[in-house]
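Each remark here refers to the structure printed beneath this line.
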Amino acid sequence: MSAHPQTTSLLEPVPQLDLAAQYAAIGAEIRSAVERVLASQQFILGREGAALEEEIAQLSGAAHGVGVASGTDALILALRACGVQADDEVLIPPFTFVATGSAVSALGAKPVFADIRPDTYNLDPSGLARRVSPRTRAIIAVHLYGLACDMDPVLDFGRARNLRVIEDNAQAIGAVYKGRRTGSMGDAACLSFYPTKNLGAYGDAGMVVTNSGEMAARLKSLRNHGQSSKYVSSEPGWNSRLDEIQAAILRVKLRNLPEWQRARQTHAAAYTKLLLGIPGVAPPLVGEGFEHVFHQYTIRVERRDALQEFLSERKIGSAVYYPVPLHLQPLYASLGYQAGDFPHAEHAAQEVLSLPMYPELRPEQIARVAEAVSEFVTR
Ligand SMILES: *Cc1c(COP(=O)(O)O)cnc(C)c1O
């Protein structure tokens, strides 16, 4: 039942994420890009940032990109640019990273939760009608783990009630929904370049993409103290800019993103092939018309914590995204939600486990992980 210490100690660990493997491959290119910025001595709102904005907008199928300091700032500024104010309500899923909610709270607005679908972990559009109120201003649809939310019904719902729709695309850059890129569908979409994301900087960075020229102009002003022209501020803004060093690093990585994305998809297919027959283990679902970019490869299993422990004894990394749904976070105790309010989110929080996933993962590592999962279930 337990691992044989001698065999185990010979095994190479399989980390949940391995950024060092990526740096080994592209380090020289990254260093020369950073050198280029250092030589220019132009660090804020220069050529690299402007070029990155164009490249990311193009990849997202959106007309404009506005670089900001983080994915969280992207959400806060997109909400502001959509007109969300204190005491407004914003519909969001409870099963997401806390930033989706805290961005709403940062404006004094109120997050109102709507449950997820148990098979995709994304917002269930059929639950929105029960949660909407005259105070509702916007919906944030999260594309969790790299899989697009079912956007058509969300967009229809928003249009019918004059609500703004914001995509939280922090985890799904490059994903496709019925022929459209994530990031091209809502009024605005927010990206995070946090180091562990599919396109990660070497520090914090983020971006908002939008098809509206008006919204892009507003965002450019908001990220820079509300300045409409130099030293003339027309509204209270912020300092939230994406710096030139991060932009130069991201541009190098962006050239590799299609290849990394294909590698993630190949690894996911290999995992699913090996895991599909194992009783009690549910691999991620990818419906017709969806292209998943596998920011995470997340399975669902009863006795999740025991499996995580079992894997860890075999030096296999794994992670739980996310163990506490937002409506049960201490942060939101004052909103008065209780356990049982969003059963699908709560159930997912108890059963999801993200296995090792990064482009440099090797087939024998995938086989070892799948074998360990199978051993746990069938022992
Ligand atoms: C990472 C992430 C964010 C926040 O991005 P930061 O760059 O870390 O501020 C927001 N939403 C989701 C779903 C995320 O995964």
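Structure summary
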item	result
Residue check for ARG181: open to solvent by 40 Å² or more (accessible area, probe 1.4 Å), under 23 Å from LEU254 (Cα atoms) and either within 20 Å of the chain's Cα centre (by Cα) or not assigned by TED's automatic domain parsing to the domain that holds ALA319 (or both)	yes
Pair list, Cβ < 9 Å and 6+ apart or interchain, from the stretch 46-66 residues that are within 17 Å of ILE245 (Cα to Cα) to residues that are of a type in the set (S, T, N, Q) and in a strand (DSSP E or B)	VAL66/THR210
Output for the stretch 171-191, where each listed residue is under 16 Å from THR210 (Cβ atoms), small (Gly, Ala, Ser) and touching a residue at least 60 places away in the same chain (Cβ under 8 Å)	GLY183, SER184, ALA188, ALA189
The one condition in (1) surrounded by 20 or more Cβ atoms within 10 Å (Cβ to Cβ); (2) touching a Lys or Arg at 6+ places or on another chain (Cβ under 8 Å) that PHE310 fails to fulfil	(2)
Only one of VAL165, VAL104, VAL176 that is hydrophobic (A, V, I, L, M, F, W, C), at pLDDT 95 or above and open to solvent by 10 Å² or more (accessible area, probe 1.4 Å)	VAL176
Residue within the stretch 51-70 that is surrounded by 21 or more Cβ atoms within 10 Å (Cβ to Cβ) and either within 23 Å of PRO330 (Cβ to Cβ) or modelled with pLDDT under 95 (or both) present	yes
Members of the stretch 271-290 that are out of contact with any Leu (no Cβ under 9 Å at 6 or more places or on another chain), under 21 Å from THR120 (Cβ atoms) and surrounded by fewer than 17 Cβ atoms within 10 Å (Cβ to Cβ)	THR272, LYS273, LEU276, GLY280, GLU288, GLY289
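The values are calculated or read from the model by the stated rules, or taken from the named source; none is laboratory data. Just so we're clear, the structure is a prediction, and the values are computed from it rather than from any experiment. Neighbour counts are summed over all protein chains in view; Cβ atoms, including those assigned to glycine, are modelled from backbone coordinates with ideal geometry. Surface areas here come from the heavy atoms of the whole protein model, side chains and all, with no ligands, DNA or RNA. Shrake-Rupley method; radii C 1.70, N 1.55, O 1.52, S 1.80 Å.
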